[in-house]
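No lab work stands behind these numbers, since they all come straight from the coordinates. Computed from a predicted structure; not experimentally measured. Counting neighbours? That spans all protein chains shown, and the Cβs are built from the backbone with ideal geometry, glycine included.
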Amino acid sequence: MRLTIVLLLAVMMASCNSKNHVLDHEEFAQAYLKELKTQHPKVTFVLKNDFSISAESKEGNYIFYLDNAYRSYQQEPDSLGKVLRQYMASSNLLFREKQKMELSTIVPIIKPIDYLADLKKGDKPLEMATKPYNDQLVIVYAEDLPEGFKYLTKKDFDSIGISADSLHELALENFYKQVPNIEKYSNDGRYMLGAGGNYEASLILLPSLWMDDCPVDGDFVVAIPNRDLIFITGSKNKAGLDTLKRYATDNYASGIYTVSDQLFRWNGSKFEKY
């Protein structure tokens with residue numbers, strides 16, 4: 001009887017270990033590559049050594065960087081299929097038949113300056129519609145569609161037939177209309193804002209939406225470690241600054257759509273590295 005119980009426990013443990021096996025980078029990349037090939041059989045995909053996948057098709061050439069997807073998977077290691085389906089939805093935007101761009105869907109997205117360097121990697125660098133924000137951040141323009149963000153290439157921008165300044169103003173106007181009601185969480189001169197999970201970092205582009213509701217001691221200082229997080233305090237609030245530094249470091253290290261582990265201070269017209 002004792003032997004039977006021991007064997008049963010061993011089988012149960014083996015089953016649990018099998019279920020909870022976490023794919024390493026290579027295994028995950030292969031699973032992602034297989035799903036891409038299944039979804040888009042007419043596209044040529046190549047797995048690169050830098051944990052990315054290049055794609056060549058008649059619609060254009062693209063690069064899939066797998067870091068965000070892998071972080072999502074690590075947070076839910078038993079939901080590989082769910083994570084892959086989520087990211088395949090975005091890939092479908094790239095390879096579907098060309099559709100007319102709705103200018104009302106174009107919004108500005110804050111990205112780290114390293115994003116530009118990533119675009120230049122590979123044999124066929126991607127040219128995207130971007131605008132510098134400061135020496136740490138860049139604005140990228142995207143169509144906000146039900147399936148996700150479809151980032152505008154330089155070719156997309158040229159097809160619109162408007163100036164870069166007009167594109168920026170259009171995106172800001174759309175963003176102002178589309179941003180959901182901002183939720184505010186406050187604690188002793190420290191604030192966290194919620195804007196639907198996609199727009200939080202981009203709120204630095206429209207400070208008039210929240211500054212009046214977040215009184216601070218000194219100049220406004222923000223942390224935007226990920227796309228879905230923004231923390232705020234004042235430049236004279238030492239406890240608040242210490243909290244923001246910790247939040248910036250911790251959430252940047254563990255987040256998915258990472259932006260920056262730095263703090264940024266309002267100079268009267270935009271935020272600069274603090």
Extended-chain gain in nm, criterion 0.36 nm per residue less alpha-carbon gap, SER166 and ASP135: 8.9 nm
Distance in nm between label sites at ASP242 and LYS37, each 7 Å beyond Cα in the beta-carbon direction? 5.5 nm
Kindly provide the helix-only [θ] at 222 nm of the chain, computed as the sum of -39,500 (n - 2.57) over DSSP H runs of four or more divided by all residues, to the nearest 500 deg cm²/dmol? -12000 deg cm²/dmol
In nanometres, what is the gap between the two model label sites at VAL46 and ASP24, each 7 Å from Cα along Cα-to-Cβ? 2.5 nm
If you put +1 on each Lys and Arg Cβ and -1 on each Asp and Glu Cβ, how big is the dipole of the range 103-178 around its Cα centre, in Debye rounded to 20? 140 debye
Among TYR252, ALA201, LEU229 - extreme Cα towards positive end, dipole of the range 183-273, charges at beta-carbon: TYR252
Modelled label-to-label distance, ASP212 and ARG71, 7 Å Cα→beta-carbon offset: nm? 3.4 nm
The chain: DSSP helices with Cα axial extent of at least 18 Å and average Kyte-Doolittle hydropathy no lower than -0.5: 2-19, 80-95
Can you give the extra length, in nm with one decimal, that the chain gains between LEU126 and ALA253 once fully stretched, where that is 0.36 nm per residue apart less the Cα-Cα distance? 43.0 nm
Net +/- balance of residues flanking LEU145 in space, Cβ distance below 11 Å, scoring K and R +1, D and E -1: -2
Size of the range 22-92 along its principal axes in angstrom, Cα-based, largest extent first? 35, 24, 16
Pairs to check: LYS131/LYS236; LYS150/LYS184; LYS155/LYS273; LYS100/LYS177; LYS177/LYS238. Give those whose C-alpha atoms are more than 26 Å from each other in this structure. LYS131/LYS236; LYS150/LYS184; LYS155/LYS273; LYS177/LYS238
Shape category assigned to the chain from the gyration tensor of Cα positions, a/c cut at 1.5: oblate
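If we sort 221-228, 173-180, 266-273, 30-37 on the protection proxy, mean other Cβ atoms within 10 Å, highest first, what's the order?
Packing proxy ranking, top to bottom: 221-228, 30-37, 173-180, 266-273.
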How much length would be gained if the chain were fully extended between GLU147 and TYR185, taking 0.36 nm per residue of separation minus their Cα-Cα distance, in nm to one decimal? 10.8 nm
Cα Rg, Dmax, the range 103-178, angstrom units: 12.3, 39
At a Förster radius of 22 Å, what calculated FRET efficiency corresponds to the Cβ-Cβ distance of SER104 and GLU59, to the nearest 0.05? 0.45
So, counting K/R as plus one and D/E as minus one, what does the shell of residues with Cβ under 13 Å around GLY255 add up to? -3
Taking a ≥ b ≥ c as the square roots of the Cα gyration tensor eigenvalues, with a/c under 1.5 meaning rounded and otherwise prolate when a/b beats b/c or oblate if not, the range 183-273 comes out rounded
Total charge dipole magnitude, the range 177-220, about the Cα centre, Cβ charges on Lys, Arg, Asp, Glu only, Debye to nearest 20: 220 debye
Taking the Cα centre as origin and putting +1 on Lys and Arg beta-carbons and -1 on Asp and Glu beta-carbons, what dipole magnitude results for the chain, to the nearest 20 debye? 560 debye
Give, as a single signed number, the net charge of other residues whose beta carbon lies under 12 Å from the beta carbon of LEU241, with Lys and Arg counted +1 and Asp and Glu -1. +3
Can you work out the Karplus-derived ³J(HN,Hα) for every residue in the range 215-225? Use 6.51 cos²θ - 1.76 cosθ + 1.60 with θ = phi - 60°, whole Hz, and x for glycine or proline. x, 10, 8, x, 7, 5, 10, 10, 10, 10, x
